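Trainee: Next up is a structure, given as structure tokens.
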Amino acid sequence: MQIFKVFHKDPHSQARTGVLSFKDFQITTPIFLPVGTLGVVKTLSYQDLKEIKVEAFIANTYHLYFRPGEEILKKFGGLKNFINWDKIIFTDSGGFQVYSLRELKKISEEGVEFKSHIDGSLHFFTPEKVIELQSVIGSDVAVCLDECVEYPVEYNYAKRAVEITTLWAKRSKKRFEELKKSNLNVTHQKLFGVIQGSVYKDLRKQSIEEILNLSFDGYAIGGLAVGEPRSLMWEVVEFISENLPEDLVRYIMGIGEIEDIFFCIEKGYDIMDCVLPTRNGRNGQALTSFGKLNIKNSKYSKDENPLDLECNCFVCKNYSRALLHHYYKSQELLVLRLMSYHNVYFMINLFKKIQEKINTDRFLEFKKEFLKKFSNSENE
RNA sequence: GGGCAGGUGGCGGAGUGGACAAUCGCAGCAGACUGUAAAUCUGCCGUCCGUUGGGACUACGUAGGUUCGAAUCCUACCCUGCCCA
């Protein structure tokens with residue numbers, strides 16, 4: 001059963017809108033997933049997410065394994081029950097932690113040995129284990145454990161990572177199907193395979209063939225935006241897109257700069273996620289129609305305007321830049337939430353607009369117009 | 001009036017003869033952040049010049065002195081805190 005259906009294709013680019021169907025919930029694409037590593041989009045409450053109309057976010061298996069841990073998650077009947085979330089949750093496998101916590105890990109065909117970033121204790125993840133954990137978490141979309149490599153990386157190492165990723169994908173799928181038969185909790189769960197290959201096109205091609213062969217519910221593209229120059233990343237993004245069948249749902253992982261988002265959507269990607277709106281928000285950066293704005297800058301200390309003059313979010317309706325600046329400088333915790341709230345709203349809203357524009361065949365115009373204003377960055 | 005302690009860059013506070021324009025923290029100013037070990041990290045922070053290496057000037061309460069050389073030693077004075085009368 002296909003979970004994805006293309007709704008409308010833009011005649012001028014590869015952009016498309018689509019519908020992703022879950023057990024009792026549908027989401028329309030392109031969609032942006034805020035990151036909620038530990039089962040919370042940092043600083044935002046359920047009510048906030050509801051107001052912003054967030055329909056899905058991505059949590060992290062590696063992190064949830066350490067805290068709160070399997071036992072608690074089981075006791076509460078999965079993450080969705082635990083956090084009282086009635087919409088969609090994706091879970092990342094821990095593949096990104098293979099990259100980001102590389103000093104703490106040892107990798108072999110069998111799996112990854114991690115030193116816990118919390119207490120240094122040793123833990124071993126196999127692809128099967130990661131599937132089991134995701135079944136305990138009970139996410140709607142699980143992702144296979146993969147090896148995400150850094151940039152730059154030697155060809156041979158990247159090739160080995162592709163091979164390991166494929167091997168793990170096979171084992172993940174097998175375990176996933178076993179569990180589905182025996183565990184009523186996860187009958188609703190979908191599984192995405194991950195395509196690796198760094199910036200080497202032949203490796204990307206190899207990975208695409210191998211992973212598609214295993215037939216997953218959707219396909220995630222990993223290993224991008226890990227430090228490579230943007231032009232190179234775009235080249236790879238485009239190449240991958242050209243080599244993927246059109247009817248399958250494509251999830252490009254970790255993409256979140258506005259320019260990258262437009263590019264990926266134009267090339268036919270449907271799902272993306274990024275820490276940027278929340279992390280950068282907490283670090284003082286607001287996304288606005290007129291570019292990025294750093295609320296810490298002294299020039300905002302007397303500014304009566306909202307963060308974004310064109311934004312209708314709760315924060316922009318009620319808080320001046322000067323007040324947010326004051327809160328930030330005074331380390332008032334509320335500002336972390338307000339900034340995150342605005343940024344997530346900005347992203348969700350942007351994707352909604354993009355959907356509209358694709359459906360009315362005006363995506364490229366919109367992109368041009370939006371980016372022109374965004375990169376002028378006069379903030380006024 | 002006497003005794004003791006002390007006066008260092010916006011603030012706190014090191015340094016107690018050369019490696020001192022002066023550790024460090026705070027404040028200030030800017031930058032970074034792309035499947036979150038991030039309310040984090042990096043840079044600048046006496047003045048002027050230089051993109052960098054660097055150069056010039058002014059500075060450790062005030063005024064003198066000792067010394068090749070002083071924030072550091074000596075003398076006097078001013079100020080602050082504590083204790084005694």
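Trainee: Take A:Val344 and tell me if it is within 11 Å of RNA strand B (Cβ to nearest atom), surrounded by 22 or more Cβ atoms within 10 Å (Cβ to Cβ) and more than 28 Å from A:Asp217 (Cα to Cα).
Mentor: No.
Trainee: Here's something else I'd like to know. Can you tell me which residue in segment A:288-340 is surrounded by the most Cβ atoms within 10 Å (Cβ to Cβ), limited to those that are touching a His at 6+ places or on another chain (Cβ under 9 Å), farther than 22 Å from A:Asp48 by Cα and hydroxyl-bearing (Ser, Thr, Tyr)?
Mentor: A:Tyr300
Trainee: Inspect all residues belonging to segment A:202-222 and state whether any of them is more than 25 Å from A:Gly111 (Cα to Cα) and in contact (Cβ under 8 Å) with a residue 12 or more places away in the chain.
Mentor: no
Trainee: Take A:Leu73 and decide whether it is aliphatic (A, V, I, L, M), touching a helix residue (DSSP H, G or I) at 6+ places or on another chain (Cβ under 7 Å) and part of a helix (DSSP H, G or I).
Mentor: Yes.
Trainee: Of all residues in segment A:74-101 being exposed (fewer than 15 other Cβ atoms within 10 Å of the Cβ) and among the basic types (Lys, Arg), which is farthest from A:Phe22 (Cα to Cα)?
Mentor: That would be A:Lys75.
Trainee: Right, next: Can you tell me which of A:Lys80, A:Lys42 is within 15 Å of the chain's Cα centre (by Cα) and either in a loop (DSSP other than H, G, I, E, B) or more than 22 Å from A:Arg250 (Cα to Cα) (or both)?
Mentor: Answer to the selection: A:Lys42.
Trainee: If you don't mind, there's one more thing I want to ask. Somewhere in segment A:10-23, is a residue without any contact (Cβ under 8 Å) to a residue 60 or more places away in the chain and more than 14 Å from RNA strand B (Cβ to nearest atom)?
Mentor: Within segment A:10-23, one or more residues are without any contact (Cβ under 8 Å) to a residue 60 or more places away in the chain and more than 14 Å from RNA strand B (Cβ to nearest atom).
Trainee: In addition: Please give the number of the condition A:Glu70 fails out of (1) more than 16 Å from RNA strand B (Cβ to nearest atom); (2) touching a residue at least 24 places away in the same chain (Cβ under 8 Å); (3) in contact with a Lys or Arg (Cβ under 8 Å, 6 or more places away or on another chain).
Mentor: Single failed check for A:Glu70: (3).
Trainee: In addition: Counting only residues that are surrounded by fewer than 18 Cβ atoms within 10 Å (Cβ to Cβ) and away from RNA strand B (no atom under 11 Å from the Cβ), give me the helices (runs of 4 or more DSSP H) lying completely in segment A:189-279 with at least 1 of them.
Mentor: In segment A:189-279, A:201-213, A:230-242 are the helices (runs of 4 or more DSSP H) which contain 1 or more residues that are surrounded by fewer than 18 Cβ atoms within 10 Å (Cβ to Cβ) and away from RNA strand B (no atom under 11 Å from the Cβ).
Trainee: Could you list, in sequence order, the residues of segment A:115-150 that are surrounded by fewer than 16 Cβ atoms within 10 Å (Cβ to Cβ), part of a loop (DSSP other than H, G, I, E, B) and either of a type in the set (S, T, N, Q) or more than 14 Å from RNA strand B (Cβ to nearest atom) (or both)?
Mentor: Within segment A:115-150, A:Ser116, A:Ser121 meet the criteria.
Trainee: I've got another one for you. Between A:Phe57, A:Phe7, A:Phe96, which is at pLDDT 95 or above, in a strand (DSSP E or B) and within 18 Å of the chain's Cα centre (by Cα)?
Mentor: A:Phe57
Trainee: What number of residues within segment A:320-345 satisfy the criterion of being within 24 Å of A:Gly256 (Cβ to Cβ), free of Cβ contacts under 8 Å to residues at least 60 places away in the same chain and either among the basic types (Lys, Arg) or in contact with a Pro (Cβ under 7 Å, 6 or more places away or on another chain) (or both)?
Mentor: 1
Trainee: Restricting attention to segment A:95-114, which residues are near RNA strand B (Cβ under 8 Å from one of its atoms) and either small (Gly, Ala, Ser) or touching a residue at least 12 places away in the same chain (Cβ under 8 Å) (or both)?
Mentor: Scanning segment A:95-114 gives A:Gly95, A:Phe96, A:Gln97, A:Val98, A:Tyr99, A:Ser100, A:Leu101, A:Leu104.
Trainee: Could you look through segment A:292-317, keep only residues that are within 11 Å of RNA strand B (Cβ to nearest atom) and touching a residue at least 60 places away in the same chain (Cβ under 8 Å), and pick out the one that is nearest to A:Ser330 (Cα to Cα)?
Mentor: A:Leu293
Trainee: Could you list, in sequence order, the residues of segment A:280-291 that are within 30 Å of A:Phe239 (Cβ to Cβ) and either more than 16 Å from the chain's Cα centre (by Cα) or not in a helix (DSSP H, G or I) (or both)?
Mentor: If the condition is that a residue be within 30 Å of A:Phe239 (Cβ to Cβ) and either more than 16 Å from the chain's Cα centre (by Cα) or not in a helix (DSSP H, G or I) (or both), then A:Leu287, A:Gly291 are the ones that fit.
The values are calculated or read from the model by the stated rules, or taken from the named source; none is laboratory data. Just so we're clear, the structure is a prediction, and the values are computed from it rather than from any experiment. As a convention, Cβ positions derive from the backbone with ideal geometry for all residues, glycine included, and neighbour counts pool all protein chains shown.
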